[in-house]
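Only the coordinates and a few stated rules stand behind these numbers; no lab work does. Quick caveat: nothing in here was measured; it's all calculated off a predicted structure. No Cβ is skipped: glycine too gets one built from the backbone with ideal geometry, and neighbour counts run over all protein chains shown.
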Amino acid sequence: MAQYRRGHGAIQASLDGTMIAGEDNFLNGAEVLWEPDTLNVRQYADQVTFSLTVDHPVPGANLATSGMLLVEGADDCYYEVAGGAVTLEDFAAGSTWVPGTFDVDFKASTWSTGTCPEHTVTGQFGAAVCRQ
C-alpha cells in the first residue's frame, strides 16, 4: 500500500476500489488550515490526480465542498465532486493531528466532452495531519 507524506500528513487512496499508486510527491497529503477554515486533501500520482476541500471542518462527517479528479487515459474527462463525506476524528482547538477518512463520488464536469463514467475515491489520511 503506497503512502505519500507531506509536511502535513500521509494519505492513502483508492479509485473505484483500486489503490492509487505513484511516486512520492511533497504536494500529496492533507492539511487543515485555520485561515481560511478549510480541510484540503490532495494526491498527485502517475495515473490519478484528485483534490478535496471541506469548508469549516468539524469532528465527524463533513460534506466535501469541492474537488476535482483527473484520470489518465480518460481524454476530455474532467470531474467534480458529486457528493460524499470526509470524516474527521475528534479534535479540539490547538490539536496538532487531525486524522480521518473520505468517501467521495465524482461526476463529469459540464465542460467534459468524452464518455466519462462516474468514479468514487476513498481513503484515509493518517496520524500526521497538521492543523495550522
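Could you work out the local net charge near GLY60, counting Lys and Arg as +1, Asp and Glu as -1, over the other residues with Cβ closer than 10 Å to its Cβ?
Value of the local net charge: -2.
Can you give the net charge of the other residues whose Cβ lies under 15 Å from the Cβ of SER109, counting K and R as +1 and D and E as -1?
Net of charged neighbours comes to -4.
What order, most packed first, do the peptides 98-109, 70-81 have when packing is the mean number of other Cβ atoms within 10 Å of each residue?
98-109, 70-81
Compute the signed sum of charges (Lys and Arg +1, Asp and Glu -1) over the other residues within less than 15 Å, Cβ to Cβ, of ASP16.
Neighbour charge sum, excluding ASP16 itself: -3.
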